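K.L.:
Attaching a single structure in structure tokens format; questions to follow.
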Amino acid sequence: MRMPEISWRVCGLSAVVSFALIGCMGDKPYVVPEQPMPPNTILLAGMMRELSATPGFTDALLAKLNGGKEGPALMSPALMKRLRDLILGSDWQGLDRFPGWTLQGINPTVKVAGRFVVKNAEGKAPANADAGASQSVTAEIGAITSERVKPYIDLGPYTLENAEIVDLDKPSTLPGFVTEGLVSEMGAGVTRGDGPNPTLAPLHAESQRLADVMNRLSLNGLNGISQVSAKVGDQTGATPEELIVALTATGHTVVVADARYFANFGHFHYKGQEVMMPFFIDSQIAIPGEKRSLLVPVSHAEYEWEIRGPKVNATVSWYFGIDGKSEFRTMDTQDQAWVLGRHAHEYRGKDAVEVTRLVGRMILAFMHQHLRRPDLPFGGYYPLGVCQDGVAAIEKKMTGSDTLFPNTVDASLFDDPRDAEVNAMLSAIPKDHEGGLPDPERIFGSLPTDNFSAITIPGLAQDLTSVNAAWKDGSLERTPTWMKKMMLRVIGVAAVGLLAWLVIRRRRRYTY
């Protein structure tokens, strides 16, 4: 009479095990669309379908990606392996959403990189490393020279040793725009690097001089160096913000833009086509009606100065880059069409002066960090932040809110009392490597357009439209992290195991 009950329990156990196995197997994979594509553009997967079998090409591509300063994120060994596996495994769907990880998965070293100290052969910290409690945070070790700061900032013809007044009334004597060093041939119809922007490239000589001058003026705050100033008309400035005041006073217009773009991960061109290669990150926001997360391309953020007038006509930008440099830069290459571009804010007059002042303080604070911690991995990229962190900190200071994602800065590193203002600003922004869920406002605020239909990355506009609607009507949901998913599955398997043990135990009890 007990057999029917036992059979029922065994059948129930089988059903539970089946559901558990189905849960572990996951849902049917999402098929990433590959169309429609904008004119003269090809997906990275499309290019690699044709070239992955070419001997040596995959290795050459990976070497290029890990050998330059372009791109939204440093190619760590884990990312390099992931990219190689996708290409060699012909996983074109995965390649079209590479890597599709959360920030914690992309950069597991963020929390510890700031505390990293390279040791020498004797096992002692090098003399120029962070000496911690044994050294005052305001004490630089050794003389601050042009050669010493060269890895962290471009000064052009200017030095820390020589005092001078740069006359901006005279035309720049620097060379014009050239592609040498920017564009390289990889063979098989592939080039890397972008050509000239038809509007900005003709201004290259003036823009490069202005970037060099503003970088040098930013370092006037370093201890023990000679002072440099710049003059235009009858006005002179010894800091970046004073130079902006001088330019305005001499009839120049100055607009400072907080600009956002999709970061171009590859800068590749294939047979004359632009290669679409974004870098996707898991926002941990659920797409309504589907069991997957919203994957968003990492955006690039920078401040841009457009200066037009009787003496100086230049356009420069500032951000902290993967090259480890927090500096003013030229921005006269032609962006690929799919990266788009949007001005989240524009500043004029006193606000333009204030943004410039804050950027100058950022450059000085970053230089203090480099001088104290020259052995930070990746030139400090990640622990000192990425391009978004500094822009987000200034945005919050100027507007009261921050709308950029992701931020990676380890604010505990910024403890130099000389940089108190910057320290406080970087402490005030969210830190995505700490495991919190990013606000939708930051996800959408990072995008290079307010018009989703303008986005040409296949499938992304539909996902953004759906998630944005859920955000607006209050139905937006989060997706669990991979760790939480694994924990739930472990708990589920454990529960099944416990149920099996109870059924077997009960069966044996009635059998004997």
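The values are calculated or read from the model by the stated rules, or taken from the named source; none is laboratory data. None of the values given here were measured: they were computed from a predicted structure. No Cβ is skipped: glycine too gets one built from the backbone with ideal geometry, and neighbour counts run over all protein chains shown.
K.L.:
Confirm whether Pro383 is touching a residue at least 12 places away in the same chain (Cβ under 8 Å) and surrounded by fewer than 21 Cβ atoms within 10 Å (Cβ to Cβ).
P.N.:
No; evaluated as a whole, the condition is false for this residue.
K.L.:
Another question, then. Inside the stretch 29-49, can you point out the residues that are in contact (Cβ under 8 Å) with a residue 60 or more places away in the chain and either assigned to a helix (DSSP H, G or I) or closer than 11 Å to Ala188 by Cα (or both)?
P.N.:
Those that are in contact (Cβ under 8 Å) with a residue 60 or more places away in the chain and either assigned to a helix (DSSP H, G or I) or closer than 11 Å to Ala188 by Cα (or both): Leu44, Met47.
K.L.:
Cβ contacts < 7 Å: first residue under 15 Å from Arg148 (Cβ atoms) and assigned by TED's automatic domain parsing to the domain that holds Gly142, restricted to the stretch 363-378; second residue surrounded by fewer than 20 Cβ atoms within 10 Å (Cβ to Cβ) and among the polar types (S, T, N, Q), any location; separation 6+ or different chain. Result?
P.N.:
Pro374/Asn128
K.L.:
Being in contact with a Leu (Cβ under 9 Å, 6 or more places away or on another chain), modelled with pLDDT of 95 or more and not in a helix (DSSP H, G or I) is the requirement here; does Leu464 meet it?
P.N.:
no
K.L.:
Those residues that are under 23 Å from Met48 (Cβ atoms) and β-branched (Val, Ile, Thr), I need them from the stretch 173-197; list them, please.
P.N.:
Val183, Val190, Thr191
K.L.:
Answer yes if at least one residue in the stretch 39-57 is modelled with pLDDT under 55, surrounded by 15 or more Cβ atoms within 10 Å (Cβ to Cβ) and in contact with a helix residue (DSSP H, G or I) (Cβ under 8 Å, 6 or more places away or on another chain), and no otherwise.
P.N.:
For the stretch 39-57, residues modelled with pLDDT under 55, surrounded by 15 or more Cβ atoms within 10 Å (Cβ to Cβ) and in contact with a helix residue (DSSP H, G or I) (Cβ under 8 Å, 6 or more places away or on another chain): absent.
K.L.:
I'm trying to understand the selection: among the residues of the stretch 313-339, which are out of contact with any Lys or Arg (no Cβ under 9 Å at 6 or more places or on another chain) and not in a strand (DSSP E or B)?
P.N.:
Once the filter is applied, which keeps residues that are out of contact with any Lys or Arg (no Cβ under 9 Å at 6 or more places or on another chain) and not in a strand (DSSP E or B), the stretch 313-339 yields Asn313, Met331, Asp332, Gln334, Asp335, Gln336, Ala337, Trp338, Val339.
K.L.:
With Glu304, Glu274, Glu346 as the choices, which residue is in a strand (DSSP E or B), surrounded by fewer than 22 Cβ atoms within 10 Å (Cβ to Cβ), touching a residue at least 40 places away in the same chain (Cβ under 8 Å) and touching a Ser or Thr at 6+ places or on another chain (Cβ under 7 Å)?
P.N.:
Result of the check over Glu304, Glu274, Glu346: Glu304.
K.L.:
To continue, here is another question. Answer yes or no: is there a residue in the stretch 289-303 that is of a type in the set (S, T, N, Q), modelled with pLDDT of 95 or more and closer than 28 Å to Lys170 by Cα.
P.N.:
No, every residue in the stretch 289-303 fails to be of a type in the set (S, T, N, Q), modelled with pLDDT of 95 or more and closer than 28 Å to Lys170 by Cα.
K.L.:
Further, regarding this structure: Suppose we filter the stretch 240-262 for residues that are in a loop (DSSP other than H, G, I, E, B) and touching a strand residue (DSSP E or B) at 6+ places or on another chain (Cβ under 9 Å); how many remain?
P.N.:
2
K.L.:
How many residues does the stretch 188-238 hold that are touching a residue at least 24 places away in the same chain (Cβ under 8 Å) and either surrounded by fewer than 20 Cβ atoms within 10 Å (Cβ to Cβ) or more than 19 Å from Ile363 (Cβ to Cβ) (or both)?
P.N.:
Residues flagged as touching a residue at least 24 places away in the same chain (Cβ under 8 Å) and either surrounded by fewer than 20 Cβ atoms within 10 Å (Cβ to Cβ) or more than 19 Å from Ile363 (Cβ to Cβ) (or both) within the stretch 188-238 amount to 29.
K.L.:
Can you name every residue in the stretch 417-461 that is among the acidic types (Asp, Glu) and surrounded by fewer than 18 Cβ atoms within 10 Å (Cβ to Cβ)?
P.N.:
Matches in the stretch 417-461: Glu421, Glu434, Asp439, Glu441, Asp450.
K.L.:
Just the residues that are without any contact (Cβ under 8 Å) to a residue 40 or more places away in the chain and either surrounded by 18 or more Cβ atoms within 10 Å (Cβ to Cβ) or among the acidic types (Asp, Glu) (or both), please, taken from the stretch 144-170.
P.N.:
Hit for the stretch 144-170 is Glu147, nothing else.
K.L.:
Something else: Taking the stated definitions as given, is Ala78 modelled with pLDDT of 50 or more and within 24 Å of Phe262 (Cβ to Cβ)?
P.N.:
Yes.
K.L.:
Continuing with the same structure: Determine whether the stretch 422-429 contains at least one residue that is in the same structural domain as Gly94 (by TED's automatic domain parsing) and in a loop (DSSP other than H, G, I, E, B).
P.N.:
The answer is yes, given that some residue of the stretch 422-429 is in the same structural domain as Gly94 (by TED's automatic domain parsing) and in a loop (DSSP other than H, G, I, E, B).
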